[in-house]
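> Below you'll find the structure I mean.
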Amino acid sequence: MARANEEAAAALQEYAELFALTGGDAFRVRSYQKAAKAIAGFPEDIATVEVRSVPGVGEAIAKKMEEFLRRGSFRQLDDLRGRVPEGVRRLTRVPTLGPKTAIMLYEEFGIDSPDALGEAITAGRLDGVKGLGPKTLANLQKGIEQLEQSGRRVHIGVAMALAEQVMASLEAERIAYAGSLRRMRDTIGDIDILAVAPESIMSEFRAQPYVAEVIAAGEKKTSVRTTSGMQVDLRVVPAESWGAAMQYFTGSKEHNVAIREMAVKKGWKLSEYGLFEGERVIATESEEEIYAALGMQYVPPPMREDGGEVKAALAGELPVLVELSDLRGDLHTHTDLTDGIASLEDMVAAGAALGYSYYAVTDHAPDLAMQRMTLDKALEQRGRVAELQKRHPGMRLLHGTELNIAPDGSVDWPGEVLRGFDVCVASVHSHFTMSRDEMTRRFIAACENPYVDIIGHPTTRKIGKRGMVDADWDAVFRAAARTGTAMEIDSYPDRSDLPSDLVRLAKHHGVKFSIDSDSHAIPHLAHQRFGVGIAQRAWLTSDDVINTWPLDRLLTFLGR
């Protein structure tokens, strides 16, 4: 994504939040948020085109963005920044804390930060305050903890974009990211980059515009804090030790301890420079050589978490993991008919350009009221899908829907309507704080609906904003296996949902999965790589993932 798009979108998103905080009209707030999404997801650099040409950006917003591109802000944003105290803005970063409550806490109790809120809750200063019952206070406390954790880590989409920006900015013979990012963890603390390059790469790195502060500078390692607040460590390694260095710095620590102990038992030494017997070099140049010398299969980075992979690799029993190239389609995508920002035609063309053999359009169903969806609109879209099918004979178009799972487990439309869709994804979009038993019953009822094919983003989490719902996942997965309902791995990086530990648990129960992009714009289709990373961390093969299957096998699974 172009830097200008990212920065302009962030400014507009901030304006939308401040506008909401000052009691601005909800419809206009939505239009600002939608335009921010449109700018962030626009495939070209908005600094090089007419801002008005971005779909979803009207005249008034285009003027604000033109001013932003000229001077890095716009008048109305400056005005609102002046009107909303920083303390109120800090409070609204706490998950589940709305603007009205933030203003009340600030004005009546002088609470101006998440820390101050935590102290006030612990000291009992907010007990008995109207609108803040014990359950609300407990949720706020949980939100503060989440915020603290997420303050130290970012989701994989943010980290990957930064790592790729850093690597593209430097001249090196070889350069790659290692650490938890290479293991495809869903949140990342800091970024490790290895390079085979002359020492001058260090001064080149320190001079980059994304560097806000140099934490440590050396010939072999430099650590910086970037303008986004993340730490990036760059290490220069000898070309002949590349494999050993990648193995060592990829981790995890626990995985490395296990394989170092194996080396020691053989009387060898394994370090970031190689595998040695005394002075004799056994293996250094590639990770494959190192694992082979230890009598193991090569362990793919996402599996290196000391979760049984060492034992399996020694026995030659590692599964053949699902790869991005195995995906034949995407079963959860949106268009501008609901909250997406690209047209049906453009999204379908983008799917075809990826070489997919099938592609599902799953716009929201009517119970998500803000999307203003109706059955008539869905049926009109179905007609357009049938027309588009003629233009894309090589890719089967599936007309689907993303249903809302109501608190009682029912979904938006009755069976006779659902029967007409090729694929039905059903997701929880509201009532996130139900009890464990109620939430479990809610999911099981959705799995038992004969027309529901996939449970979308099952835990509903938003990394750094909203925790997981509470459910008995063993019971949910047993129901999904029994009813032949797939669980989604939503690849959108702030969701990464199901997380890999729950994917492993679901696989244990015999559940199948769908790795989907949940795209709301064309660039989002590329998020699939993050979903594949989650699947690999959970040891999935292509047999476990329904959208790697040939069309006829998929259609049989969908029962259509």
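> Considering only residues of region 270-284 that are part of a strand (DSSP E or B) and small (Gly, Ala, Ser), which is nearest to PRO238 (Cα to Cα)?
The selected residue is GLY274.
> Hey, could you check region 321-360 for residues that are of a type in the set (Asp, Glu) and surrounded by fewer than 22 Cβ atoms within 10 Å (Cβ to Cβ) and say which is modelled with the lowest pLDDT?
Per the criteria, the residue is ASP339.
> Give MET167, MET160, MET246 a once-over and let me know the one that is under 19 Å from the mean Cα position of the chain (by Cα) and aliphatic (A, V, I, L, M).
MET160
> Return the residue satisfying two criteria in turn: it lies in region 276-286 and is in contact (Cβ under 8 Å) with a residue 40 or more places away in the chain and surrounded by fewer than 20 Cβ atoms within 10 Å (Cβ to Cβ), and of such residues it is nearest to the chain's Cα centre (by Cα).
SER286
> Can you confirm whether region 35-51 contains a residue that is farther than 20 Å from HIS524 by Cα and among the polar types (S, T, N, Q)?
Yes, that holds for at least one residue.
> Using the structure shown, decide if ALA20 is at pLDDT below 85, buried (at least 20 other Cβ atoms within 10 Å of the Cβ) and in a helix (DSSP H, G or I).
Judged against the criteria, ALA20 is a match.
> Give me the residue from region 292-325 that is assigned to a loop (DSSP other than H, G, I, E, B) and touching a Gly at 6+ places or on another chain (Cβ under 7 Å) and, out of that set, farthest from ALA263 (Cα to Cα). I'd like the intermediate steps shown before the answer.
Initial filter on region 292-325 (assigned to a loop (DSSP other than H, G, I, E, B)): 294-300, 304-308, 315-323.
From what's left, touching a Gly at 6+ places or on another chain (Cβ under 7 Å): 297, 304.
On the way: GLN297: 15, ARG304: 17 Å.
Step by step, filter region 292-325, then rank; the result is ARG304.
> Here's another thing I want to ask about it. Among the helices (runs of 4 or more DSSP H) confined wholly to region 23-127, which include 2 or more residues that are among the hydrophobic types (A, V, I, L, M, F, W, C), over 21 Å from ARG466 (Cβ atoms) and over 27 Å from the mean Cα position of the chain (by Cα)?
On the way: elements: 26-40, 59-71, 75-83, 86-91, 99-109, 114-122.
Once the helices (runs of 4 or more DSSP H) in region 23-127 are filtered for at least 2 residues that are among the hydrophobic types (A, V, I, L, M, F, W, C), over 21 Å from ARG466 (Cβ atoms) and over 27 Å from the mean Cα position of the chain (by Cα), what remains is 59-71, 75-83, 99-109, 114-122.
> Ok, one more. Would you call ARG235 surrounded by 13 or more Cβ atoms within 10 Å (Cβ to Cβ) and modelled with pLDDT under 95?
No.
> So, one more: Just to be sure I understand, how many residues within region 166-194 are among the polar types (S, T, N, Q) and at pLDDT below 95? Show your work before the answer.
To start, the set of residues in region 166-194 that are among the polar types (S, T, N, Q) comprises 169, 180, 187.
Subsequent filtering for residues that are at pLDDT below 95 retains 187.
The qualifying residues number 1.
> Across region 1-25, what is the number of residues that are among the small types (Gly, Ala, Ser) and either assigned by TED's automatic domain parsing to the domain that holds ALA168 or more than 19 Å from SER73 (Cα to Cα) (or both)?
Residues that pass the stated criteria total 2.
> Does ILE191 qualify as being surrounded by 20 or more Cβ atoms within 10 Å (Cβ to Cβ) and either closer than 30 Å to SER496 by Cβ or free of Cβ contacts under 8 Å to residues at least 60 places away in the same chain (or both)?
yes
The values are calculated or read from the model by the stated rules, or taken from the named source; none is laboratory data. Note that the coordinates shown come from a computational prediction; the quantities given were computed from them, not determined experimentally. Glycine gets a Cβ as well: all are built from the backbone with ideal geometry, and neighbour counts include every protein chain shown.
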